[in-house]
Amino acid sequence: MRDLYLRFPNRETAVALAEQFGLYVVDSQGADHLISASHQLAIDVVGTVYEPTGNTVTHNGMTSPEMAPVAGWHINIRVLDDAFPVPEIINQFLITPGPTHRRWAA
């Protein structure tokens, strides 16, 4: 088992790649979406990630960190089957995040 962290320039790029590999489907109600699991993969669509800017904001008397979007559109993939060949085209989107915003349960 191995984890892959991907950052695409935008959602459209991620969807276009997912469609090539049959990972983007239309369900019985006509809604389109990335699949979340197969026998070889588990997919966590994170989307836009936000990080603190270092500033604070106050709303209704509550102070909290100001957040700003991180560039890109993010997906986490857990490869469940070590023999599963991950397509090489994925490599250009691989990142090694610092502290991850979302991670898989142990």
>> Place a point 7 Å from Cα of A68 in the direction of its Cβ. Which residues in region 17-60 have their backbone N less than 14 Å from it?
In response: 50-57
> So what's the angle, to the nearest 10 degrees on a 0 to 90 scale, between helix 11-20 and the longest Cα principal axis of the chain?
Replying inline: 10 degrees
> How many times 2.2 N^0.38 Å is the alpha carbon radius of gyration of the chain?
Replying inline: 1.27
> Hey, got a sec? Which trypsin sites (Lys or Arg not before Pro) in the chain land in a DSSP loop and have at most 16 other Cβ atoms within 10 Å?
Replying inline: R102, R103
> Considering the dipole of region 1-78 built from charges on the beta carbon (Lys and Arg +1, Asp and Glu -1) around the Cα centre, which of L17, T63, L6 is farthest to its positive end?
Replying inline: L6
> Between A42, Q29, T53, whose Cα lies farthest towards the positive end of the dipole of region 4-62 when Lys and Arg beta carbons carry +1 and Asp and Glu beta carbons carry -1, centred on the Cα centre?
Replying inline: T53
>> Test of understanding: in a Gaussian network model of the chain with alpha carbons linked when under 10 Å, which of H59, H39, H74 would top the mean-square fluctuation ranking?
In response: H59
> Using 1/(1 + (r/R0)^6) with R0 = 30 angstrom and r between the beta carbons of H59 and E12, what's the FRET efficiency to the nearest 0.05?
Replying inline: 0.40
> For the chain, modelled as a GNM with alpha-carbon contacts under 10 angstrom, which of T96, T58, T13 fluctuates the most?
Replying inline: T58
> Relative contact order (percent) for the chain, with alpha-carbon contacts under 8 angstrom and 6 or more residues of separation?
Replying inline: 37 percent
>> Can you compute the label reach from V79? Point 7 Å from Cα along the Cβ direction, backbone N cut-off under 19 Å, restricted to region 4-37.
In response: 4-8, 17-24, 35-37
> On full extension of the chain, what length is gained from Q29 through T48, given 0.36 nm per residue of separation minus the C-alpha to C-alpha distance?
Replying inline: 4.3 nm
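Readers should treat all values here as calculations from the given coordinates under stated rules, not as data from a laboratory. For clarity, every value in this text was computed on a predicted model and none was experimentally measured. Note that each Cβ is placed from the backbone with ideal geometry, even for glycine, and that neighbours are counted across all protein chains shown.
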